[in-house]
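The values are calculated or read from the model by the stated rules, or taken from the named source; none is laboratory data. Keep in mind the model is a prediction, meaning the values are calculated, not measured. Methodologically, a virtual Cβ is constructed for each residue, glycine included, from the backbone with ideal geometry; neighbour enumeration extends over all protein chains shown. In case anyone asks, the SASA skips ligands and DNA or RNA and just uses the protein heavy atoms, side chains included. Shrake-Rupley method; radii C 1.70, N 1.55, O 1.52, S 1.80 Å.
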Amino acid sequence: MSNPCNMNALASLQCSAAEYGQSWGISHKEGHLRSLQLYAASLSPLKSSVRSMRPPFRLSRSFISRNTSSPQPVRAIGLQPSTLGSNDASSSEALPFPVITFDNDADKSSTIVSISVQNRSGILQLTAAVFKELGVNIQKASVDFDAGAVLQTYFVTDRERNKIVEPENLKNIEKALLNALNQIVLSGPRKESSRSYRSQNYGVLSPAAEQKGRTDLLFKLMNQYLKNDVFSIQKSIVNHVEYTVARSRFKFDDFEAYQATSYSVRDRLIESWNDTQLFFKDKDPKRIYFLSMEFLMGRSLLNSIYNLGIKDTYAEALRQLGFDLEVLVEQERDAALGNGGLGRLAACFLDSLATLDYPAWGYGLRYEYGLFKQVIKDGFQHERPDYWLNFGNPWEIERVHITYPVKFYGKVEETMRDGRKHFEWIPSEMVEAVAYDNPIPGFDTNNTINLRLWAAKPSSEFNIQSYDTGDYVNAILNKQHAETISSVLYPDDRTYQGKELRLKQQHFFVSASLQDIIRRFKDRNDNINDLVNKVALQINDTHPTIGVVELMRTLIDDEGLDWKTAWGITTKVFTFTNHSVVPEVLEKWPVEILGNVLPRHLQIIYDINFLFLEDLKKKYGNDYDRLARMSIIEEGEKKSVRMATLALVTCQTVNGVSEIHTDLMKSMLFKDFYELWPHKFQNKTNGVTQRRWLAFSNPGLGDIITKWLETDAWMKNLDLLSDLRKYVDDPHLQEEWLRVRRQNKSRLATYIEMISGVKVSIDALFDVQVKRIHEYKRQFLNILSIIHRYDCIKNISPEERKKVVPRVCIIGGKAAPGYEIAKKIIKLVHAVGEKLNNDPDIGHLLKLVFVPDYNVSVAELVIPASDLSQHISTAGNEASGTGSMKFAMNGCLILGTMDGANIEIREEIGHENMFIFGARANEVPKLRAQRKEFQPPREFRRVVGMIRNGVFGHQEHFQALCDTVDGQGEDLYLLGNDFLSYLEAQEAVDKAFADRNRWAKMSILSTAGSGKFSSDRTMKEYAEQSWDIQTCKRPL
C-alpha cells in the first residue's frame, strides 16, 4: 500500500485515521485524535538517547555542515543482524533490522533517506523526532507498508535548505537513526495497555529493556484524551480536591469545589491547547498577534465547558457529588483585565478567532488589581482595589521559564560598525516580563488558542548588584518598583509619575510581546526579512503604538538591518484600529517623558517624522499648516508625540469600528491622512460573540431559537437568525418568547432585591442603561427624563395613574476616579431613587435602581432580562458601542440616537423596531455654535430646577452638575436640545409595550436582524482584508 504524505520539520503525517492505526498499532479512533500527542511522547525518550551521543555528533545549530563539493554517490548502509540480538517472532516475515540508505543523485535539491524497518507503534514519529533533534529539515516524505515492514522515504536538507553531502554528517545521521529505531524494534509489537507497568522494577532491567518500558509507558499514558463521561469527570474533580486544592475529598465547600472543577476543565483545555500549538508549529502559517491593553474576559468556567461541549456532563457530575454548577459558577471572580467596551471587544475577538480556526495569539498585561472595585456608600462612589487574584486564578498557567528583559531610561551611545552608524541603548533600569498563559477554546472546533499576559518582576541581573553591595533594602524597593508596572490598569495620569507609569506599562507590554513573537518566528525561520510572511500585528487602539518604534529599534539595533529594510518590514506587519471619535481624546506623550523613559525610541520617532515630513513637502510644498497638522511631533510650549499619527504613518491599514465612525475619521478626525492615503482606510464594524452573549448567558432563548430554526448552527453562523422572520406572527413563538423573557426578568428582580432591597415587579418594563459613566453617554439625560416621569405621575389623578406603564429603571457603570461630574451623576441616581422608590403615590409605577460594580458577569444577568436598552450618546461621539448589539441580539429593544452602531442596527432590524431620537451627527456642530441663542424647553428647565432647588436633597452638591447643562454651562452634549425628542421617544416606548403582541413581534425581529453583529463576521473581514491570514484547523 503506498501512502505519500507531505511533511515539514515536525513530519506530522496527515493520513487517515485508519492508516494511522495500521502503521502505528493504535485504533482507528485514536489515530488522528492523538497524532501530535504521540509525537511528543516519543520525543522525550528519544532526546535522552540522542543527547547521550552528542559529543561525536557535535549537536549544535550548525551540526549539519555546509559543503559545496559535488554530491556523493548512493551509499547503502546497513547494520548486521548479529548486532541486533534476537528478532521478535511475531514479525518473522519482516526485515529483522533497520536498513538505511542515502541518495544524493536522484533529486537535485534534497538528500533522499530511505529506511526499512519493522512496523512498530510510533515508528514514524520517532524517525521524524530524530531528524528534528539533529536539525535536519524534512521537505516531503512517503510511506509504504509491506509484510509487517515500514518503508519510509524522506527528502531532507540541512538548516540552510542545502543537500547533506558531507560523509561525516551522513554517518552521524545513520547512527542516530539506528540507535533510536533499534530500541523501538526491540520493544516488540504494541500490546494492550495494562497497569503492570507500575509494578515493574526498571532498576534491574537492561538499558535497552528499561528504555523500551519507558517508551511504551509514555505511549500508553498519552494515546488518548481525558475522558468526559460523568465518572471520569467526577474522579478528575475529586483528585484535584485532594492533590491540587489539598482538601479532604470527604469535606470541601463550594469554593473548593469550584477550584477543583476549574482545574479539571483546565486539564482538558491544556490537552487541546498543546495539540493546537504543536499543529500551528507544524504548519507554520502566518499568525495574527492581537495586542491590547485590555481583555475583559469575564468568568471562564461556564464559557469553557460550553465551548468544549461538556456543560451538561459537568453539571450532572457535580449534581451527583452534591454541588450545583450554577452555584459554583458564582464562586469565580471576574478577571479584572479591562475597563469596558475596548476590553470586552478584545475578548469577543479572541473567542471568534479560536472558533474560526485562525492561528492567533492575544497579548496583554496581567494586572494584579485591574481597574477598581466600585463600592457605593450613601450614594457616593468609592474605589477599592480589586483583589481578583487573592485566591489564585486556576485558569492561568505561569511560565516561569518564559521571561524577557525590558529596558527603561539610560542613554544611547553611537558608534561606527562596518561603515554604518550603530546605536546602543544602555538602560539604567531593567525589569523582567514573566508570561502567564490563558487557554482560549473555540466553539465546535479542536482549536484552543492562547492569551499571553505579562507580569513585571525585578531583573535578576540588576538585583544581584544590590545584593552584592549589601543593599538589601534597595533590592526590596526595586522589586516593588518593578512589580508596580503590571499592578493597576490605567494608573491616574494627572501627575508626571502617573503619566510615566502608563508609558512604562505600554512599552513593557509591547517589548515583551515582540521579543516573544520574534523568538517564535526564529524557531522556524532564519531570515528576518520573512517576518512579513509569517506575522501580522494588530494594534487595538493607540495604547500599543509604541510597539511600532520598538520593532524598528529591534530590527535596526539588534538584528542589524538598515533603515530602509526595517521600515519596509514594520510598515507591512502592523495594522491599526482606532476607537476614538474626537481629537481631544487621542493619546499624546510629552516629549520630555518619552525621551527620559525611552531615549532610543524618541530618536527613532524623530527620524520617522523627519522622513515623513520630507515626503509631504514633495507633495504639498511649503504648506506649513498642513505639515503642522500631520506632523507626529506636536509643537508648542511643551512638545508632544501624537501616537495616533504615528500609527497612521507606520501601519499598512487603519480602520474605524462602525460606518459612521469610519466616515468621521475620513471627513474630520484624520481628514488630511485620508486625502494622502485613501487606500489605507477601512471600516470593520465591531461585533460580539453570540455564544457567550446569547447562547450561554440566555440559554432559554437560545433553545427557542434552535427549536424554531431546527438547527443550532446559528451559534457559528448568526445570519441564520434571519429565518426567525418567517415565524414572527406565530402566536406560539410569541408566547414562548415572552415566557422565557419573563423568567429572565424574575432572576434579575431577585438580584436587584438582594443588592438594593428594592422589590420590583416583573410585569413592569425593565428600562436599562449600563455602561461607563460619562457626560457624552448622557446618563444625566436619562435621569432628567425619570424625574420628568416622576413629576408627571405625582401630578395626575389616581384614575389616570392606572393607565401609566410601570417602569423599572436600571442604571449601572463606573466613573473614573478623577471624574467628578461623573461621580455626581452616580450620586444623583441614588438621590432620585431614594425619593421615588419610597413615595407611596408612585408605588410600583416607577422604580430607579443603581447596579454597583457592573462587570461582565452582572451583564450576563442584566442583558437577557432587559426590555429596553438606552444608547443615547450625543451623535458623533460613540465610535461603535457593542453594548447595543448584545441587547438587540437578546430581543431587547433599543432607544437611542443615530450614533455608533445604532445606525447599522436600525438598517438591519428596521427603523420601526427601534426608538430613535435626537440631532444627527452633521447637525451637532451647528447646534453647538447656536447654544448662546438657544432657549431650553420648559420641561427641561423644570426638572433641572427641581434638582437645583433640593427636591432630591444635596442641593449644593448638584449645582456644578446642573451648571453643565443650564445657566453658564455650554451644554456641550446637547441635553437641552434633544430633551423633547427624547420624551417623545419614551412615549412611543410606552405605547408599544402596552401592546403585548406588538412588543413580542418587535423583540423577535430585533434578534432576527442581529446576524451582522457577530464578531465572527468582524474577524473574517480583518483576516481577509487586513491581516491576509488563513484558517488552520487542527484535525481530529
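What the table shows:
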read-out: Local net charge near I909, Cβ-Cβ under 13 Å (Lys/Arg +1, Asp/Glu -1); value: 0
read-out: Heavy-atom surface of the chain, accessible at 1.4 Å and reported per residue (Å²); value: 41
read-out: Cα Rg over Rh - region 394-462, Kirkwood; value: 1.23
read-out: Correct choice for volume of the Cα convex hull per residue in Å³ that was computed from the model, options [x] 274; [y] 386; [z] 214; value: [z]
read-out: Simple Cβ-charge dipole of the chain, Lys/Arg +1 and Asp/Glu -1, about Cα centre, in debye nearest 20; value: 860
read-out: Scattering curve values for region 293-384, log₁₀ I(q)/I(0), Debye with Cα scatterers, q = 0.11, 0.17, 0.21 Å⁻¹; value: -0.46, -0.90, -1.07
read-out: Charge dipole (the chain, unit charges on Cβ, about Cα centre) - positive-most of A816, A141, L961; value: A141
read-out: Taking the chain and dividing mean pair separation by its residue count, relative contact order in percent (alpha carbons under 8 Å, at least six apart); value: 10
read-out: Debye equation applied to the C-alpha atoms of region 938-1036, log10 I(q)/I(0) at 0.25 Å⁻¹; value: -1.24
read-out: On Cα atoms only, tilt of 938-948 relative to the major axis of the chain in degrees; value: 80
read-out: Nearest-10 value in Å² for the accessible area of R742, using the 1.4 Å probe; value: 110
read-out: Label zone at E956 (point 7 Å along Cα-to-Cβ), backbone N below 20 Å, region 364-389; value: 378-381
read-out: Carbon/sulfur fraction of accessible area - region 235-294, other protein chains in place, 1.4 Å, %; value: 49
read-out: Heavy atoms of R161: accessible area, 1.4 Å probe, square angstrom to 10; value: 130
read-out: Where Rh is the Kirkwood radius over Cα pairs, Rg/Rh for region 618-728; value: 1.26
read-out: Coarse-grained scattering of region 328-452 at q = 0.11, 0.17, 0.22 Å⁻¹, given as base-10 log I(q)/I(0) from a Debye sum over alpha-carbon atoms; value: -0.62, -1.04, -1.33
read-out: Environment charge of S631, counting only residues whose C-beta is closer than 13 Å and scoring Lys/Arg +1, Asp/Glu -1; value: -1
read-out: H382 - accessible surface, heavy atoms, 1.4 Å probe, Å² rounded to 10; value: 70
read-out: Residue-averaged [θ]222 nm for the chain, counting only DSSP H segments that reach four residues, each worth -39500 (n - 2.57); value: -13500 deg cm²/dmol
read-out: Computed over region 801-842, Kirkwood Rh from alpha-carbon pairs, angstrom; value: 12.3
read-out: Cα-based convex hull volume of region 979-1036 per residue, rounded to whole Å³; value: 142
read-out: L980-I821 FRET efficiency (beta carbon distance; Förster radius 22 Å; 0.05 resolution); value: 0.40
read-out: Dipole of region 702-758, positive end: most advanced residue of S722, N744, Q734 [Cβ charges, Cα centre]; value: N744
read-out: Listed residues G950, L646, N228: farthest to the positive end of the dipole of the chain (Cβ charges); value: N228
read-out: Relative contact order [Cα under 8 Å, 6+ residues apart], region 742-864, whole percent; value: 33
read-out: Descending Cα extents along the principal axes, region 677-793, whole Å; value: 54, 47, 28
read-out: Segments 246-256, 995-1005, 599-609 sorted - mean Cβ within 10 Å per residue, highest first; value: 599-609, 995-1005, 246-256
read-out: Pairs of Cα atoms farther than 17 Å apart, region 765-903, %; value: 60
read-out: For region 838-921, diffusion coefficient by Stokes-Einstein and Kirkwood Rh (Cα), 10 °C, 1.306 mPa s, µm²/s; value: 112
